[in-house]
Amino acid sequence: MTLKVLICGGGVAGPALAFWLARLGHRVVIVERFPVLRATGAQIDLRGQGIEAIKRMALVDAVRAKLVDEAGITIVDSKGKVKATILANKSGKGAQSLTSEYEIMRGDLVRIFYEATKDKVEYIFGKTVDSFTENDQGVVAYFSDGSSDTFDLLVGADGQGSHIRRNIQPPGAPDEYHQLGVHMAYWFVPQIETDSNMCKVYFSPGGRMIMSRSHNKTETQVYFLLMSDSKELRKIPKSSVEQQKHFWAEKFRDAGWQADRFIEGMNTTENWFCQNAVQIKTDTWHSGRVVLLGDAAHCPSPLTGLGTTSSLIGAYVLAGELSRSQTLPQAFQNYSMIMRPFIDEVQQVNIGWIRRVVPESPWTISLFQFIVGLACFLRIPQIISRFSDDGGGDWKLPDYPELHVDQDEYQ
């Protein structure tokens, strides 16, 4: 049966699912709340099974053509002196290191998926689903412009703040937002001569971290990270951009290294984002004809580096189960059953370990730099990468022959 599918969210997860469903002959509509394709954002990476999912889409060459040239990560002190270096694992064997072999700007990945789907998928920008109901004919979506339409299937791929998820949670369900006590802001600044293809990480007393990485010859990304369990800080991302910038500038003004340069860059940046690092954990991934995908269902948090990977995996598995199941409830149940073990594994974030990585005092920072420097001198990170995996434990990406893509189809 050909399904009429509505996907809420035109980022990564939604178009990835649309890619597969359109190939299966389904009619797919994507609604995106932004007025144009939101091909912006910071640097993301692909790991393990996510890389395999891209290969099965026959889009690996398109992704490789847009990869960021990042050689690895260096830890620096307040004078910019390198204390430790962890290089990217580009051997093709074992796990990726802190820098993946597949580092790419979010906007480039969004554009790749859009180009691969735009001729077979209907994109509607500047529109949202305000509400929905179900009847014998399907799920009726009521849109922000006053219109409505009936679909066989509604997919919530609308991110960690998912409106669709809120509407399918049962009464009394636990709060799906799991706070990690980590707060982040990132933006772009003009590149200077000392910026390179090495990601640089600097730790400052007070549970603060600064990271910079250059994705092209003119811009450098800046990340400020702050460890705090303060409930007040959770409100910062909901304040105005001006208030957000003021907060981060005041918190990092005495941080050292290149903090002054990066704070000055806040004033002119056209790329600004502020968030609390959270995980989304819910027992309800589907209800009736509605199903959740990507961060809307199971955001693992930016700290894992597996958000994009889990979204791509989820899109592939959901499409595969829809292709081989007799009913939607059966497809949704199989999707959940297959994906849960992987998500449970990648969401195991050790907050205590993170707090040790972002030390509070100058003494613990010096000790941390010494330990990591010694480990790098002994090549321990390379050994760990060589004999470990990228997350998900022994979980293997299922094979759906019905989703097979000819490798030269998108050349």
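The values are calculated or read from the model by the stated rules, or taken from the named source; none is laboratory data. Just so you know, these numbers come straight off a predicted model, no measurement behind them. Please note: Cβ atoms are built from the backbone with ideal geometry, for glycine as well, and neighbour counts cover all protein chains shown. These accessible areas exclude ligands, DNA and RNA; they are computed on the full protein's heavy atoms, side chains included. Shrake-Rupley method; radii C 1.70, N 1.55, O 1.52, S 1.80 Å.
Kindly check whether there is at least one residue in the range 88-100 that is under 27 Å from ALA185 (Cβ atoms), touching a Gly at 6+ places or on another chain (Cβ under 6 Å), open to solvent by 10 Å² or more (accessible area, probe 1.4 Å) and modelled with pLDDT under 90. Yes, the range 88-100 has at least one match. Taking the criterion of being out of contact with any helix residue (DSSP H, G or I) (no Cβ under 9 Å at 6 or more places or on another chain) and either in contact (Cβ under 8 Å) with a residue 40 or more places away in the chain or part of a helix (DSSP H, G or I) (or both), the residues of the range 303-335 that qualify are GLY305, PRO329. Scanning the range 131-162 for residues that are among the aliphatic types (A, V, I, L, M) and not in a loop (DSSP other than H, G, I, E, B), we see that the one that is nearest to the chain's Cα centre (by Cα) is VAL155. Selection of first residues in the range 39-58 that are touching a residue at least 12 places away in the same chain (Cβ under 8 Å) and of second residues that are among the hydroxyl-bearing types (Ser, Thr, Tyr) and open to solvent by 30 Å² or more (accessible area, probe 1.4 Å), restricted to Cβ pairs under 7 Å at least 6 apart or on distinct chains, gives the following pairs, ordered by first then second residue: ALA42/TYR186; ALA58/TYR410.
For residues in the range 198-220 being assigned to a strand (DSSP E or B) and among the hydroxyl-bearing types (Ser, Thr, Tyr), which is nearest to MET266 (Cα to Cα)? Looking at the filtered set, the residue picked out is THR220.
Of all residues in the range 164-187, those being of a type in the set (Phe, Trp, Tyr) and either touching a helix residue (DSSP H, G or I) at 6+ places or on another chain (Cβ under 6 Å) or open to solvent by less than 20 Å² (accessible area, probe 1.4 Å) (or both) number 1. A count restricted to the range 110-130 and to residues that are open to solvent by 30 Å² or more (accessible area, probe 1.4 Å) and either in a strand (DSSP E or B) or touching a His at 6+ places or on another chain (Cβ under 9 Å) (or both) stands at 6.
Apart from one condition, THR194 fits all of (1) out of contact with any Ser or Thr (no Cβ under 6 Å at 6 or more places or on another chain); (2) part of a strand (DSSP E or B); (3) closer than 24 Å to ALA84 by Cβ; the exception is (2). Residues in the range 46-72 that are open to solvent by less than 50 Å² (accessible area, probe 1.4 Å) and either on the phi > 0 side of the Ramachandran plot or basic (Lys, Arg) (or both): ARG47, GLY48, ALA58, GLY72.
Screening GLU193, GLU264 for residues that are charged (D, E, K, R) and modelled with pLDDT under 95 leaves exactly one candidate, GLU193.
Within the range 356-378, track down each residue that is open to solvent by 90 Å² or more (accessible area, probe 1.4 Å) and either modelled with pLDDT under 65 or within 29 Å of the chain's Cα centre (by Cα) (or both).
ARG356, GLU360 - these are the residues of the range 356-378 that are open to solvent by 90 Å² or more (accessible area, probe 1.4 Å) and either modelled with pLDDT under 65 or within 29 Å of the chain's Cα centre (by Cα) (or both).
In the range 157-176, the residues that are on the phi > 0 side of the Ramachandran plot reach residues that are not aliphatic (A, V, I, L, M) with C-beta atoms within less than 6 angstrom, at least six apart or across chains, in these pairs: GLY159/ASP295. Cβ-Cβ contacts under 7 Å between residues 6 or more apart (or on different chains), taken from a first residue in the range 2-25 that is touching a residue at least 12 places away in the same chain (Cβ under 8 Å) and assigned by the TED database to the domain that holds ILE44 to a second residue that is assigned to a helix (DSSP H, G or I) and β-branched (Val, Ile, Thr), are listed as CYS8/ILE164; GLY11/VAL110; VAL12/VAL110; VAL12/THR308; PRO15/THR117; ALA18/THR117; PHE19/THR117; ALA22/THR117.
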